Amino acid sequence: MKNKMSHTLVIAALGFTLLATTNHAQTLVEYRFNDAVAATSTINSGSAGGSASLSGAAVISADTLGVSGLVGDRALDNSAVQMGASPSDPGGRASQSLTFSSGIQSGTFVLWFNADSNPLGTNARLIGDSPRQQVLFAETGLQIQGFGLGGVTAPTASIGSLDDPGEWVFLAITFDAIATSNNINVYSGSTTGAVSLISTLSDATQGAFTSTENLNIASSASDTFRPFEGFLDNVRIYAAEDASGALGLGALESIRQYDLVTVPEPSAAAVIMGLLVSAVIFQRRPVMSRR
């Protein structure tokens, strides 16, 4: 009983810390992949709602294979594909059609990945979009294209922490379309290591977060084009109509810690629900299009 209460308090503390550091940013997308193993889609618990369809070899993993390793925690399993192959037979991805407001000026992509093999230099897509809005392991480093940006690359020399096959890696990319320089940050962490800044980049496009038609996870617009081989978990997109959508180091570390302790037990569910209700109260005006 005492351990359960301690676990609940830890979750509550992390939840309130996360709320305090992200209340200006809205969670547009959140895929936790804790659906039934035989599911053909995964729930988007972000404000965009709906679900992403699973296709090709992409499936919901067996229980406890999510990043926390806890009972009830699953992940997106795309391990049957060939890393970065084109074409890959089979291929696989999770995809959802979304429309974002043109008023978004900053945002953060957060996800965990566990590669079956070295992803660097394979052109494997963590996120692929249409047209050409993607995050991929290019030959020269981690390439970030679209989403209001002209296209930048975090050089291989700065992203060595992402090269850890068989281990869960926390990756976050923040951007601020209002700033004129040093407006893109790349962060990484692990299940045992805190989040740290690994690369700062500049993009002078200063365009607003562009609308998108189809968000693809673990591949591009085709199941078989440059897929990521391995597992992905807790994919999120935060955004805001000011600079607050680019989350800071403290908020990202809270997210990392939160992901390692939450597939909440029933005793903690009420606490988490209370935090979610509080988050709704603190949210700014919606940034999703009402179309």
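The values are calculated or read from the model by the stated rules, or taken from the named source; none is laboratory data. This is a predicted model, so every value here is computed, not measured. Note that each Cβ is placed from the backbone with ideal geometry, even for glycine, and that neighbours are counted across all protein chains shown.
Selection of region 89-111 for residues being closer than 26 Å to W168 by Cβ, surrounded by fewer than 24 Cβ atoms within 10 Å (Cβ to Cβ) and either touching a helix residue (DSSP H, G or I) at 6+ places or on another chain (Cβ under 7 Å) or of a type in the set (S, T, Y) (or both) yields only S95. You will find that of A52, A85, the residue that is under 18 Å from F231 (Cα atoms), touching a residue at least 24 places away in the same chain (Cβ under 8 Å), buried (at least 21 other Cβ atoms within 10 Å of the Cβ) and small (G, A, S) is A52 and no other. Residue check: is A157 of a type in the set (A, V, I, L, M, F, W, C), out of contact with any helix residue (DSSP H, G or I) (no Cβ under 7 Å at 6 or more places or on another chain) and under 24 Å from N44 (Cα atoms)? Considered against the rule, which asks whether it is of a type in the set (A, V, I, L, M, F, W, C), out of contact with any helix residue (DSSP H, G or I) (no Cβ under 7 Å at 6 or more places or on another chain) and under 24 Å from N44 (Cα atoms), A157 comes out as no.
Filtering region 199-219 to residues that are of a type in the set (S, T, N, Q), closer than 24 Å to P90 by Cα and modelled with pLDDT of 85 or more leaves N216, S219. The residues of region 84-105 that are in contact with a Leu (Cβ under 9 Å, 6 or more places away or on another chain) and polar (S, T, N, Q), listed by number, are S95, Q96, S97. Can you name the residue in region 121-134 that is assigned to a loop (DSSP other than H, G, I, E, B) and at pLDDT 90 or above and, of all such residues, is nearest to the chain's Cα centre (by Cα)? Step by step, filter region 121-134, then rank; the result is A124.
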